[in-house]
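Below is one structure, written out as structure tokens, with a few remarks after it.
The values are calculated or read from the model by the stated rules, or taken from the named source; none is laboratory data. The structure presented is a predicted model; accordingly, all values stated were derived computationally and were not measured. So basically every Cβ, Gly included, is an ideal-geometry build from the backbone, and we count neighbours across all protein chains shown.
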Amino acid sequence: MKAGVVVFPGSNCDHDAYYAVTQNVGAQAALLWHQESQIPSDIDAIILPGGFSYGDYLRCGAIAKFSPIIGAVKKFADAGGLVMGFCNGFQILTESGLLPGALIRNNNLKFRCHQVGLRVETTNTPFTNAAEKGQILTIPIAHGEGCYTAEPHVLDQLEAEDRVVFRYVQNPNGSLRDIAGICNASRNVLGMMPHPERATDPLMGSTDGLVVFRSLLSALVAK
Amino acid sequence: MSTITPEVVAAHSLTPDEYQKVLSLLGREPSLTELGIFSVMWSEHCSYKSSKVHLKKLPTRSQLVLLGPGENAGIIDIGQGYGIAFKIESHNHPSFIEPFQGAATGVGGILRDIFTMGARPIAVLDSIRFGPLDDPQTGPRNRRILEGVVSGIAHYGNCFGVPTVGGECVFHKSYDGNPLVNVFALGVIPKDKIFFGRAEGIGNPVIYVGAKTGRDGIHGATMASDEFTEESKQKRPNVQMGDPFLEKLLLEACLEAMYTGAVVGIQDMGAAGLTCSTCEMGSRAGTGVEIDLQYVPQRETGMSPYEIMLSESQERMLLVAEKGREQEIFDVFNKWGLDSATVGFVTDDGMLRVRDHGVLIAEINNRDLADEAPIYDRPHTKPHRNVPMEAPAFASTDLKADLITLLSSGDLCSKKWIYEQYDYMVRTNTLAGPGGDAAIVRVKETGTSVAISLDGNGRYCYLDPREGAKLVVAEACRNVSTVGALPVAATNNLNFGNPQRPEIMAQLVEAIEGMADACLHFETPITGGNVSLYNETLGEGILPTPVIGIVGLLPTQAPVPSRFQNEGRTVMLLGGIGSSDEVHFGGTQYAHVLLKQMWGLPPALDMDLEKNVHAAIRDIVAAGLVESAHDLSDGGFAVALAEASFDGIGATISLPSSALRPELLLFHEGPSRILVSTTSPEEVSKLADKHGVPAVAIGTTVKGQVVIEGHLSATVEELHQPWATALESALHA
């Protein structure tokens with residue numbers, strides 16, 4: 001598997017995602033500059049990493065969505081390619097319309113960084129097929145704008161279509177219905193606020209994030 | 001008629017004597033711009049004119065020191081072709097005037113010092129001090145300052161993408177009108193790619209990169225060298241505005257530009273901006289620098305040469321490139337969407353020559369600016385001190401209540417409310433984050449990790465600046481040793497009052513000498529640092545507060561926790577119960593929090609024993625003999641025991657019989673002690689014995705209880721809850 005990690009100006013978890021994939025997952029990775037308008041043909045999955053693309057100015061992810069690579073990511077996703085957005089990557093996915101809803105300021109109005117308990121709500125995705133439904137993962141969050149919000153009918157639809165992928169065990173930011181991660185209708189685009197790439201090494205206190213990458217690997221093998 | 005009147009000279013914070021020196025160096029009267037240039041370069045902040053003669057006493061060398069003081073940051077060899085660059089710097093004055101931006105730009109400034117060397121920053125720690133949050137008069141303002149400082153640090157570090165992995169947060173009345181914000185940063189650098197702030201190569205282009213120049217921060221360095229008065233609030237425009245996003249781009253662009261091989265020298269524009277970077281780069285290389293201000297990217301129109309030269313706009317760098325390779329530099333900065341422009345060139349005559357559209361504006365010898373600032377051996381008498389030597393009468397009625405009060409006091413309570421606002425994990429190197437004895441970050445490029453501890457103690461240093469400074473170094477080294485690391489180097493931030501008062505100058509001199517002794521003894525040379533003087537408001541000085549940052553090295557491995565992990569383990573006190581008496585109890589947290597007094601002397605330090613304790617714990621940790629290790633410091637044994645129990649496993653303790661009265665036995669702060677839990681007490685004793693260090697078995701770990709027989713008994717929850725919630729309650733009182 002070769003993952004393409006997109007680098008926007010202000011991405012700061014790009015190296016972490018690259019390191020996690022190459023050193024801890026044992027796969028390959030490449031950094032993709034945001035000005036590229038094509039995804040190289042050897043890329044099997046795309047990661048939109050965390051950070052502060054464009055300084056989070058205007059709104060988190062609101063400027064990144066105009067980067068040329070977003071068009072290419074959309075094409076990649078439309079063709080069934082696997083796309084994951086962590087933290088700022090999730091914000092970019094909602095801003096660019098690849099995922100529904102929005103991420104707004106945490107309800108305590110502060111940046112929060114700590115480990116959270118994350119419940120796997122569905123294993124019917126390429127990102128959680130190696131997990132067990134109801135399994136609790138320990139994965140850190142680090143965000144100021146992670147409160148997931150959407151219209152009630154959108155939330156109902158997400159639930160009805162089994163598209164809520166992760167929920168917080170203890171809601172850290174006011175996210176509606178405790179939602180921490182969702183996927184699109186075709187189930188090949190995942191957005192989540194927690195950072196699985198930070199939980200892939202026993203020295204970092206948890207390896208629970210590996211399950212996301214292992215799921216990805218087996219989904220790609222099955223493809 | 002002359003425009004430089006005595007009033008104009010005074011407004012630039014230059015003394016008449018200093019102005020005479022300007023006249024004799026120039027051989028003529030300066031222009032206003034030249035006067036401004038002299039005033040910032042000769043300010044206390046840039047020239048260290050009051051401290052320089054004493055700073056020379058600090059040890060600065062060892063086999064591991066690749067680069068000592070004098071450059072933007074010191075560098076230590078960590079092996080396998082890599083080094084670490086680190087330094088601490090203060091942003092005290094700006095953080096009082098505008099807490100959020102003051103603290104944010106403090107982080108930005110020190111990060112630039114690190115990456116201007118070619119190092120990628122991998123850790124930030126902060127030492128912050130405020131007036132008490134519960135003071136009826138000043139409490140609300142202190143709370144506002146703390147919240148502003150913390151969110152400023154979070155804003156800058158989080159966005160930039162450097163983890164804020166630890167630090168300290170301390171409260172005392174003397175910081176009421178003068179908070180301290182000291183920021184430490186550390187980066188990793190390949191040994192063969194170290195960059196210097198030197199304008200080498202006659203004819204090489206001088207290139208300006210990064211943010212445009214605006215009118216912000218003009219005379220920030222001069223402001224930081226003045227006392228605060230009622231008028232200081234009007235100095236708000238002197239505080240710079242930070243943009244961490246721009247700094248992140250600048251980091252990536254600078255590292256990429258360095259990688260091209262076209263960069264000859266580089267320096268950040270910090271205090272005194274374009275002025276400082278040009279003349280220092282020239283002075284270090286023994287060259288001249290000529291620039292024309294028309295080429296400087298500007299944010300606003302109509303800026304005068306004076307304003308452009310003195311602006312402290314953030315996120316700017318000056319670099320000297322190899323002639324003919326300018327385009328390679330421009331390409332990199334264009335890629336990252338940043339301005340870059342050739343503003344001048346290196347000359348052979350040693351002069352700083354500033355033109356504006358060709359017209360000569362300033363012409364001063366670089367060396368006169370950077371190295372010829374007046375140096376003062378200011379008179380110093382006996383250190384200022386206004387407390388008795390004798391202890392007051394005191395007697396505890398409830399030791400458990402005392403412990404709870406201590407645990408919920410400002411200095412000792414949990415700082416989770418603060419550090420959870422910091423991204424302390426980004427870059428996935430944080431082996432031990434905030435809340436432990438020392439922070440640990442791994443260096444991915446090697447198998448080595450770096451342990452870091454920041455430490456200061458104003459009360460100890462007030463009672464005895466010399467011994468206090470030694471204790472501060474000893475504790476930081478102990479913290480680093482407790483996690484298994486060998487302390488190898490230090491950086492210091494000397495926060496003091498007005499050096500023109502002999503009794504304050506005496507505090508500074510004695511603290512530096514004490515620090516020098518201790519750093520020599522513990523083999524931690526000081527590779528750089530910062531001096532912040534004039535920390536006074538309306539004539540009231542802060543407690544003398546030298547802050548030390550100790551850096552230690554250890555193999556990358558799972559760290560030893562500071563808390564007890566399992567029931568049924570033997571609890572041991574490495575270094576024994578320690579010694580104290582009532583005189584040496586007057587600087588403790590017990591005296592401060594419960595008796596609200598200060599007297600006597602700081603705890604007595606035996607540096608030989610201390611060093612042996614460090615060696616012992618390192619051997620014990622390396623041998624894998626302990627499940628937890630936590631050093632004793634503020635609040636003494638009882639507080640350390642409570643803290644070690646906060647994962648739910650407490651202990652029943654039976655202390656050996658002692659002549660010490662119970663308050664002293666439980667709460668004295670005698671150094672050289674570490675609390676460990678182990679399954680192998682004999683082997684721990686054996687190793688400790690090898691180093692001549694007592695290791696006393698004092699009890700057993702148990703679930704949920706903290707019992708010190710004959711003195712107190714509590715559930716872990718009774719102790720944990722007030723400790724965990726105190727800061728947030730105080731902030732939202």
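List of remarks:
- Considered as a group, the residues in segment B:627-650 that are hydrophobic (A, V, I, L, M, F, W, C) and in a strand (DSSP E or B) include one that is farthest from B:ALA604 (Cα to Cα), and that residue is B:ILE649.
- Within segment B:259-274, the residues that satisfy the criterion of being more than 25 Å from the chain's Cα centre (by Cα) and either hydrophobic (A, V, I, L, M, F, W, C) or at pLDDT below 95 (or both) are B:ALA262, B:VAL263, B:VAL264.
- One residue stands out in segment A:72-81 among those that are under 19 Å from A:SER215 (Cα atoms) and part of a loop (DSSP other than H, G, I, E, B): the one that is farthest from the other protein chains (Cβ to nearest Cβ), namely A:GLY80.
- Selection count where residues are over 16 Å from A:GLU145 (Cα atoms), more than 10 Å from chain B (Cβ to nearest Cβ), not in a loop (DSSP other than H, G, I, E, B) and not hydroxyl-bearing (Ser, Thr, Tyr), scope segment A:17-71: 17
- Selected residue (criterion: nearest to the chain's Cα centre (by Cα)) from residues of segment B:655-700 that are of a type in the set (Asp, Glu) and within 27 Å of B:GLY624 (Cα to Cα): B:ASP689
- Among the residues making up segment A:169-207, those that are in a loop (DSSP other than H, G, I, E, B) and either within 14 Å of chain B (Cβ to nearest Cβ) or among the hydroxyl-bearing types (Ser, Thr, Tyr) (or both) are A:GLN170, A:PRO172, A:ASN173, A:SER175, A:SER186, A:MET193, A:PRO194, A:HIS195, A:ALA199, A:THR200, A:GLY205, A:THR207.
- Failed condition for B:ALA271, given (1) part of a helix (DSSP H, G or I); (2) in contact with a helix residue (DSSP H, G or I) (Cβ under 6 Å, 6 or more places away or on another chain): (1)
- Qualifying residues in segment A:139-168 (those that are surrounded by fewer than 22 Cβ atoms within 10 Å (Cβ to Cβ), of a type in the set (Val, Ile, Thr) and out of contact with any Asp or Glu (no Cβ under 7 Å at 6 or more places or on another chain)) - the one nearest to the other protein chains (Cβ to nearest Cβ): A:THR149
- Filter result for the condition that a residue is more than 19 Å from B:LEU407 (Cα to Cα), assigned to a helix (DSSP H, G or I), modelled with pLDDT of 95 or more and β-branched (Val, Ile, Thr), over B:VAL676, B:VAL693, B:VAL684: B:VAL684
- Residues of segment B:297-338 classified as away from every other protein chain (no Cβ under 14 Å), under 34 Å from the mean Cα position of the chain (by Cα) and under 18 Å from B:MET258 (Cβ atoms), total: 7
- On inspection, B:LEU486 does not qualify as aliphatic (A, V, I, L, M), facing another protein chain (nearest Cβ under 10 Å) and over 22 Å from B:HIS668 (Cα atoms).
- Selection status of B:ILE189, in contact with a Gly (Cβ under 6 Å, 6 or more places away or on another chain) and either more than 30 Å from B:ILE78 (Cα to Cα) or touching a residue at least 60 places away in the same chain (Cβ under 8 Å) (or both): yes
- Subset tally (residues that are touching a Leu at 6+ places or on another chain (Cβ under 8 Å) and of a type in the set (Gly, Ala, Ser)) for segment A:24-63: 4
- Residue check for B:ASP349: surrounded by fewer than 16 Cβ atoms within 10 Å (Cβ to Cβ) and either under 30 Å from the mean Cα position of the chain (by Cα) or assigned to a loop (DSSP other than H, G, I, E, B) (or both): yes
- Residue match in segment B:321-342 (condition: assigned to a strand (DSSP E or B) and either more than 30 Å from A:ASN12 (Cβ to Cβ) or basic (Lys, Arg) (or both)): yes
- Lone qualifier among A:ASN106, A:ASN129, A:ASN88, A:ASN124 - being in contact (Cβ under 8 Å) with a residue 40 or more places away in the chain, within 24 Å of A:ILE63 (Cβ to Cβ) and more than 13 Å from the chain's Cα centre (by Cα): A:ASN106
- Only one of the numbered conditions (1) in a loop (DSSP other than H, G, I, E, B); (2) touching an Asp or Glu at 6+ places or on another chain (Cβ under 8 Å); (3) among the aliphatic types (A, V, I, L, M) is violated by B:ALA373, and that is (2).
- A:SER218 being away from chain B (no Cβ under 14 Å), out of contact with any strand residue (DSSP E or B) (no Cβ under 9 Å at 6 or more places or on another chain), more than 24 Å from B:ARG427 (Cβ to Cβ) and not in a helix (DSSP H, G or I): no
- Of all residues in segment B:476-523, those satisfying the criterion of being among the polar types (S, T, N, Q), within 26 Å of B:LEU67 (Cβ to Cβ) and out of contact with any Ser or Thr (no Cβ under 8 Å at 6 or more places or on another chain) are B:SER481, B:ASN492.
- For segment B:407-429, the tally of residues that are on the phi < 0 side of the Ramachandran plot, facing another protein chain (nearest Cβ under 7 Å) and not aliphatic (A, V, I, L, M) stands at 5.
- Flag for B:GLY636 being without any contact (Cβ under 8 Å) to a residue 60 or more places away in the chain and under 28 Å from B:ASP517 (Cβ atoms): yes
- Filtered by the rule that a residue be part of a loop (DSSP other than H, G, I, E, B) and either more than 14 Å from A:ALA180 (Cβ to Cβ) or away from chain B (no Cβ under 14 Å) (or both), segment A:104-121 gives A:ARG105, A:ASN107, A:ASN108, A:LEU109, A:LYS110, A:PHE111, A:GLU121.
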